[in-house]
1. Just need a number here: residues in region 171-225 that are closer than 30 Å to Leu286 by Cβ and either within 23 Å of the chain's Cα centre (by Cα) or among the small types (Gly, Ala, Ser) (or both).
2. Taking the residues in region 256-279 that are more than 15 Å from Pro239 (Cα to Cα) and free of Cβ contacts under 8 Å to residues at least 12 places away in the same chain as candidates, determine which candidate is nearest to the chain's Cα centre (by Cα).
3. Are there any pairs with C-beta distances below 6 angstrom linking a residue in region 143-155 that is assigned to a loop (DSSP other than H, G, I, E, B) to a residue that is aliphatic (A, V, I, L, M) and surrounded by 24 or more Cβ atoms within 10 Å (Cβ to Cβ), with the two at least 6 apart or on different chains, and if so which?
4. Confirm whether Lys207 is part of a helix (DSSP H, G or I) and either closer than 30 Å to Pro405 by Cα or assigned by TED's automatic domain parsing to the domain that holds Gly400 (or both).
5. Considering region 107-123 alone, what residues qualify as being surrounded by fewer than 23 Cβ atoms within 10 Å (Cβ to Cβ) and assigned to a helix (DSSP H, G or I)?
6. Take the conditions charged (D, E, K, R) and assigned to a helix (DSSP H, G or I) and apply them to Arg244. Does it pass?
7. Give me the residue from region 260-274 that is within 24 Å of Arg413 (Cβ to Cβ) and touching a Pro at 6+ places or on another chain (Cβ under 9 Å) and, out of that set, surrounded by the most Cβ atoms within 10 Å (Cβ to Cβ).
8. Hey, could you check region 319-349 for residues that are of a type in the set (S, T, N, Q) and surrounded by fewer than 19 Cβ atoms within 10 Å (Cβ to Cβ) and say which is nearest to Ala362 (Cα to Cα)?
Amino acid sequence: MTTEAELTGSAAPAAPPQDIEETAGAPAWGALLVVLAGLFITNLDFFIVNVAIPSLQRDMHATPAQIQLVAVTFTIGLAALLITGGRLGDLYGRRRVYSVGVALFTLASLACGSAPDMTELIVARAVQGAAAALVIPQVLGILNTAYTGKARVAAFNAYGLALGAAAVFGQLIGGLLIKADLFGWDWRTIFLINVPIGALVLLVTPKVVPESKADDGRTGLDLLGVVLVTAGLVAVVLPLVEGREQGWPAWTWELLVASVPLLGLFWITQRRLAARGRSPLMSPSLFHDRSFSVGVVSILVYFSVMASFFLVLALYLQEARGTSALTSGLLFIPLGLGFFLSSVQAPKFAAKLGKQVLALGALTVAVGDVALAFTADRLDTTGAVAWCIPAMVVCGYGMGLVVAPLTSLVLERVAPQYAAAASGVFSTAQEVGNALGVAVIGVVFFDVAEHRPGAHGMAQAFSTSLLVQAGICVGAAALLQLLPGRSRGTA
């Protein structure tokens, strides 16, 4: 059985690996930069593909269903395999699995960029998603074991910064790449750019990233758990990402219902394996810690707002205001400025406020959402879109206050032997939250737009969606109060 000390890491902290330099609490930035590069490109591909849709449709003569599958297959492959990817890192070495994931992601990106038809592109996107599921949990697992004390907090803050940057600037980076049209590659550039980056990461990883794995004495992969959690998560995510587009047919509800017994059976098998001293895919003892269990639910709720915000903002700018993908991407810069400003300040706020920095960030996003909804409603489709910039800065500032310190506040008590597995759960909550938010806010947005057609309807749909998101942010701030209190200096 797992002891409380094992769960929380409250026993004597493990010494940092010898091949990671740490002087006066300063982390070895080489290792951090290498693993964050893998995190950035894998998360960027979740957002960047939306910019390429018009040129992709034109060049490949793709149907709307095929275009949707380009996004859906990546999302499902990612969300369904994150927990498994985390456990593989704990078992076989986080650096090793990270390298395998980066190599597979790089090859899949090459296949996407050179795909001769939509079938091969869709298959390659599914492989990309599965590869990303190997990479992402290892990043947090490596950071959690390679760094201690203030260095770990700094590393986790950098993780949040990279995660947010991929989301905030995904559309801008995609627009710039397509506009540049390097070597005449057009939309293919957004995939092919990953190849040299991935190759460089693979070359440097063995030299600067330390190897680590679980030392709990348990071996072997829980294959039944893999099947159950994968099937259960597919049954959740697939209806959420496909349901609205297809008018919520019967199969979407059937899958959502089926996900309950599948995930319930997964939880039962994990508890039984843990009780017998075997090797579960996900240790149930992780959820004995309130910081982790409440944090995972908070992640799901908050990221449902963040992902849907980018969706409705892009739709408003391009459909209601008629801006190009590049121009709308440039309009994300104020959002990014607010995000980076607060990300830099967040560690100081977290040291003083603890968990309340997350609530402050969520409430700041809510204020920005309301201000942006009011501004967009007053502008409708005729006023200068630049009037939206102040509210966008406020939204970005609030996002940074949440995303930057969230990781360290949720994972600070997780023992090193569960680092990658806990990271898999953490990232799964994020991806399910993304899908849930897009599904729910998508219903709100398009319901309003259908009842009031044209650009005016899109503007009204945008404002309504923002008000719903503001309400969810207030709920998230209330939920965060369930996090246990902690000394202010530890955040």
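The values are calculated or read from the model by the stated rules, or taken from the named source; none is laboratory data. None of the values given here were measured: they were computed from a predicted structure. We place every Cβ from the backbone using ideal geometry, glycine too, and count neighbours over all the protein chains shown.
1. Step one: list which residues in region 171-225 are closer than 30 Å to Leu286 by Cβ, which gives 201, 205-206, 208-225.
From the residues that got through so far, the ones that are either within 23 Å of the chain's Cα centre (by Cα) or among the small types (Gly, Ala, Ser) (or both) too are 201, 205, 209, 212, 214, 217, 220, 225.
Qualifying residue count, region 171-225: 8.
2. Across region 256-279, the extreme among qualifying residues is Gly264.
3. Correct list of pairs: Tyr147/Ala155.
4. On the way: part of a helix (DSSP H, G or I): yes; either closer than 30 Å to Pro405 by Cα or assigned by TED's automatic domain parsing to the domain that holds Gly400 (or both): yes.
Yes: the conditions hold for Lys207.
5. To start, the set of residues in region 107-123 that are surrounded by fewer than 23 Cβ atoms within 10 Å (Cβ to Cβ) comprises 107, 110-111, 113-120, 122-123.
If the condition is that a residue be surrounded by fewer than 23 Cβ atoms within 10 Å (Cβ to Cβ) and assigned to a helix (DSSP H, G or I), then Leu107, Leu110, Ala111, Gly113, Met118, Thr119, Glu120, Ile122, Val123 are the ones that fit.
6. Numbers: charged (D, E, K, R): yes; assigned to a helix (DSSP H, G or I): no.
No: the conditions fail for Arg244.
7. Gln270
8. Step one: filter region 319-349 for residues of a type in the set (S, T, N, Q), giving 323-324, 327-328, 342-343, 345.
Within this subset, residues satisfying the condition of being surrounded by fewer than 19 Cβ atoms within 10 Å (Cβ to Cβ) are 323-324, 327, 345.
Values: Thr323: 29, Ser324: 30, Thr327: 28, Gln345: 16 Å.
Once the filter is applied, the top-ranked residue is Gln345.
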